[in-house]
Amino acid sequence: MVEFKLPDVGEGMHEGEILQMLVKVGENVKQDQPILEVQTDKVNAELTSPVTGIIKQIFFFEGDTVEVGTTLLVIDPDSITGSESGKQVNQTKSTDNSKESVSNHVRNDSASNRIVPSKMESSEQASITNQSHSAARKSRRVMATPYVRQLAREMQIDIEQVKGTGPAGRVTEEDVRNYGKDEALVSISQVSATEEIGKIRTTSQKATPSIKQERETRYHLKGIRKKIAEHMVKSVSIIPHVTSVDEIEMDKLVEVRENLKPFAQKRGIKLTYLPFVIKALVITLKEFPTFNASIDDETNEVVLKNYYNMGIATDTPNGLIVPVIRDADQKSMFQLAEEISSFAQLARDGKLSLDQITGGTFTVSNVGPIGGLQATPIINHPEVAIISLHKVEKRMVVREDQAVIRQMMNISLSFDHRLIDGVTAVKFTNRIKELLENPNLLLAEMV
Amino acid sequence: MVVGEVAVETDVVVIGGGPGGYAAAIRLGQLGKSVVLVEKEQLGGVCLNRGCIPSKSLIHAASEFSRIAGLSKMGIRLPEEKATFEMIEWQEWKNSVVSQLNKGVGQLCEENGVTVVYGTANFLSADRLGVETGNDFETFKFQQAIIATGARPFVPTILQRDGIHILDSTDILQLEEIPQNLAIIGGGYIGMELGMAFAKLGTAVTVIEATGQILPQLPTHLVREVNKNNKKLGIMVKTSTKVESAVIKEGQVELRVTSEKAGSENHSFNKVLVTIGRIPNTEELGLEQAGVKVDDRGYIHVDSAGRTEQSHIFAIGDVTPGPAMAHRATKQGIVAAEVIAGLSSSAADALVPFVIFTEPQIAGVGLTRDEAKEQGYNASATSFPYRANGRALATDEAEGFAEIIMDVDNNTLLGMFVVGADASNLIGEGVFALEMAARAEDLALIMHPHPTLSEIWQEAAEGALGHAIHMMNKK
């Protein structure tokens, strides 16, 4: 028998959600045949069978969240490949076919022939049963080790209130630590407009299906949401954020975009304002190197980056994801437009690979199409600045003492005050303003 | 008290140097507190001087003695003369054990900066403690106090304890000769432990128990092996029987007992041991001056940290309601010390195991099957017998079993019990497994060394999962 365990398919992931079971008990599988699809923090991966054989047991259902190392299913290898039965082979293949992060754990483990847990429950199921039973169950002892109990006391958390995610509802160390973070997140998430949109989305989605109107709905922070939460807390607690807001007159850019649209259409490209902004940003970043930088918190060193990887904050059904356009300074406007829309689609489908969401040097959050006047975006740590683009709309402005109507767009720039001062930031936005208000300059600055 | 007397200032006073008190004092010393430990008699308390340790040395001696008869079947030939037990020599050996441990505790206190004061303590107010030391009187002003004065055997007034004929558990361990016959009033664990030990040494023992079962706190099936051995050892057990009077006549104690079955009877005994319970030592401490209340049975009620209603005064061990066990007192003592030092400790959720040194031993932790069902668990009980364990057979200790209570909804362990040789040491694994919230698989999948008694846990766990190797599995 070969026990197939959930391997670590991303960088140090702890758990994954089973999106799809591609096989059934009793089914024959070939080696390397995809058997299930999991979603980890941000990556989806298809897991393939390590051996040829018959699926004997499946311990989890679609939608279950499973910890790395947990046995997902048991495969009875064919007699031909019987020699492999003493091994445990876990193979993974990222869906985007990138060569990265293919982890092969090969363990010569004679013990793998041993007894397979005869019964397993996902934490989710266990916790549901706990709740659905009568009050008698409330007197039950919380399942947690003495160390975890002590940790909870030290963190002044009532362990009875912590929902266990371990096997059969055990409260793990992580559960206790995250319990604290959930609380912290409530106040912090309200700060970020970008963040807020994703949040409202998810809650309303979850809340509507229940017909019975309960005063509160509780569900567990997990997957991408949990990762976002952790990342936001980290960012806010490390970086002293300052946000500067300005407005840009977009009339000329609107005109340029209108002129270019037919050309874009011919190539099947959807041209938004974003590629223009990215171009303007890259030009500006080259002039203001401290905005395309990070602070190494351990060594207290500033790292200036001579490459320009632009993160594009993208709303997905699961929450905020930031795909990264690499070397944006070396790409044409059309290339940028193409990459933006293909990434947005991949993000929504949850099909981004790990290297498509890491390594950014600056982030743009484009909430304009949805609305909003201004925001205080949270910087994507370890970057040092983020810019939010708001709605382009006609507003009454004063030009040469005349009230005129112009296409206006607000931008909000959050920057790390450890590295960047207010004056520099305003100079930075002034330059962007200059470039976007006079799109011809973009041409002039072209390399 | 002399007016204007200078009080010695200290962070914490600990009253009582038993397993709770000395552990608290040492922990406080480790945490950098100045601490005065007041002890009326000897460090180590009842446990070390008059309870656990002396009784276990008697029980062990009695067990060794009783095994002599079974040695011949292993091919051991002894001289013809009959083996004898000289209790007075045992006393010397026991005293050497006690004094060795005693010295050890004293040294540990010293090394951890604990000041030990021998005397009788009395609260003068909520922040002052007076200690009578022989002819002297010392006053200590404290920030916090820990009351750890323990409990003593309870002997009701109709049984006039004289220490010669009518004895408590302390007296009987001071005897210099084995009594010819002995009545034990109270078939709880102290009574049964001592009763079985004396029976092994040759005393004719009668146990009188008011409830329907000896060891009444245990489920019946855990007591069965002990009942069998009572018969083998010739112990007469009278359950549902009450003692009406005890009269000392011509060096004998005449007991009048009644039961529904047999009506009233008179029996005569050389000695009578009273083990019907213990009462907390809380009367002569001046607790009212300190503002600490006791309930109508004399117990001090505390929270999970050990705080009394006076939040700077703590109480631990047998003065608090709950099982009177040294390990509970030690845990509470360490917790109180840590809370005083500002740490977030609690004694509330630690499981309290029990060990009973009868023949065979009984030990357990967690929920029995009935308790588990009461709490709404879908619980199963699976046992594995000693007689299927190689080691148990090889050492001629094949009676008993290990029992595992499991939540069949998710295979987590709810309780572990063991009846048999060395149960007291085997239960350590049970406490650990339950505290770590282990599943039956966790016990079944780990290697237990062979040939040892510990394998019974693995087999019982495998049995609970339906695949024990060395017994037939229930389907």
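Does A:Gly368 satisfy being modelled with pLDDT under 85, closer than 19 Å to A:Leu413 by Cβ and surrounded by 20 or more Cβ atoms within 10 Å (Cβ to Cβ)?
yes
Would you check if there is a residue in the range B:338-348 being more than 25 Å from B:Ser55 (Cβ to Cβ), of a type in the set (Gly, Ala, Ser), assigned to a helix (DSSP H, G or I) and more than 10 Å from chain A (Cβ to nearest Cβ)?
No: zero hits.
Taking the range B:369-394 on its own, how many of its residues are without any contact (Cβ under 8 Å) to a residue 12 or more places away in the chain and assigned to a helix (DSSP H, G or I)?
Residues meeting the conditions: 3.
Which of (1) part of a loop (DSSP other than H, G, I, E, B); (2) within 12 Å of chain A (Cβ to nearest Cβ); (3) touching a Gly at 6+ places or on another chain (Cβ under 7 Å) does B:Pro451 not meet, given it meets every other one?
Just one mismatch for B:Pro451, condition (2).
On the given criteria, is B:Ala464 within 14 Å of chain A (Cβ to nearest Cβ), crowded, with 24+ Cβ neighbours inside 10 Å and closer than 30 Å to A:Gln150 by Cβ?
yes
Quick check: anything in the range A:19-26 under 26 Å from A:Pro323 (Cα atoms) and in contact with a strand residue (DSSP E or B) (Cβ under 7 Å, 6 or more places away or on another chain)?
yes
Name the residue that is farthest from A:Ile379 (Cα to Cα), counting only residues in the range A:272-312 that are more than 25 Å from the chain's Cα centre (by Cα) and modelled with pLDDT under 90.
Going through the qualifying residues, I end up with A:Thr299.
Among what's in the range B:383-415 and is within 14 Å of chain A (Cβ to nearest Cβ), β-branched (Val, Ile, Thr) and crowded, with 20+ Cβ neighbours inside 10 Å, pick the residue that is farthest from B:Gln361 (Cα to Cα).
B:Thr412
Which condition from (1) of a type in the set (A, V, I, L, M, F, W, C); (2) closer than 30 Å to B:Glu176 by Cβ; (3) in contact (Cβ under 8 Å) with a residue 40 or more places away in the chain is the one that B:Met236 breaks?
All conditions are met except number (3).
Here's the yes/no breakdown for (1) polar (S, T, N, Q); (2) closer than 27 Å to B:Glu284 by Cβ:
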position	(1), (2)
B:Trp90	no, no
B:Val105	no, yes
B:Val116	no, yes
B:Thr120	yes, yes
B:Ala126	no, yes
B:Leu129	no, yes
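Please go through the range B:416-432 and pick out each residue that is in contact with a strand residue (DSSP E or B) (Cβ under 8 Å, 6 or more places away or on another chain) and within 11 Å of chain A (Cβ to nearest Cβ).
Within the range B:416-432, just B:Val431 meets the criteria.
With B:Gly366, B:Gly322 as the choices, which residue is within 25 Å of B:Met192 (Cβ to Cβ), in contact (Cβ under 8 Å) with a residue 12 or more places away in the chain and surrounded by fewer than 19 Cβ atoms within 10 Å (Cβ to Cβ)?
After applying the criteria, what remains is B:Gly322.
So, in the range B:358-382, of the ones that are away from chain A (no Cβ under 14 Å) and of a type in the set (Gly, Ala, Ser), which residue ends up nearest to B:Asp409 (Cα to Cα)?
Ranking the qualifying residues of the range B:358-382, first place goes to B:Ala381.
Is it the case that the range B:62-78 has a residue that's over 20 Å from B:Val319 (Cα atoms), free of Cβ contacts under 8 Å to residues at least 60 places away in the same chain, in the same structural domain as B:Val105 (by TED's automatic domain parsing) and within 23 Å of the chain's Cα centre (by Cα)?
Yes: one or more hits.
Looking at the range B:150-170 only, could you name the residues that are touching a Gly at 6+ places or on another chain (Cβ under 6 Å) and at pLDDT 95 or above?
Answer for the range B:150-170, where residues must be touching a Gly at 6+ places or on another chain (Cβ under 6 Å) and at pLDDT 95 or above: just B:Gly150.
Which one is surrounded by the most Cβ atoms within 10 Å (Cβ to Cβ) among residues in the range B:434-448 that are outside any helix (DSSP H, G or I) and within 13 Å of chain A (Cβ to nearest Cβ)?
Among residues in the range B:434-448 that are outside any helix (DSSP H, G or I) and within 13 Å of chain A (Cβ to nearest Cβ), the one surrounded by the most Cβ atoms within 10 Å (Cβ to Cβ) is B:Arg439.
From the list A:Glu400, A:Glu383, which one is at pLDDT 90 or above and exposed (fewer than 15 other Cβ atoms within 10 Å of the Cβ)?
Criteria check complete, one pass: A:Glu400.
State the number of residues belonging to the range B:139-166 that are within 24 Å of B:Ala24 (Cβ to Cβ) and surrounded by fewer than 19 Cβ atoms within 10 Å (Cβ to Cβ).
Qualifying residue count for the region: 4.
Give me the pairs: first residue in the range A:247-269 and in contact (Cβ under 8 Å) with a residue 12 or more places away in the chain, second residue β-branched (Val, Ile, Thr) and in a helix (DSSP H, G or I), beta-carbon distance under 8 Å, and six or more apart or on different chains, which are they?
A:Ile248/A:Ile432
Quick one: count up the residues across the range A:386-397 that are crowded, with 20+ Cβ neighbours inside 10 Å and farther than 22 Å from A:Ala229 by Cβ.
3
Which residues, counting only those in the range A:153-181, are of a type in the set (A, V, I, L, M, F, W, C) and more than 9 Å from chain B (Cβ to nearest Cβ)?
A:Ile157, A:Val162, A:Val176
Okay, residues lined up against (1) surrounded by fewer than 23 Cβ atoms within 10 Å (Cβ to Cβ); (2) over 18 Å from B:Ala329 (Cα atoms):
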site: B:Leu28; (1), (2): no, no
site: B:Cys52; (1), (2): yes, no
site: B:Ser66; (1), (2): yes, yes
site: B:Ser99; (1), (2): yes, yes
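Among B:Val418, B:Val431, which is the only one that is assigned to a helix (DSSP H, G or I), modelled with pLDDT of 95 or more and crowded, with 19+ Cβ neighbours inside 10 Å?
B:Val431
The values are calculated or read from the model by the stated rules, or taken from the named source; none is laboratory data. Please read all numbers here as calculations on a predicted model, not as lab measurements. Because the Cβ atoms are built from the backbone with ideal geometry, glycine has one as well, and the counts that use them run over all protein chains shown.
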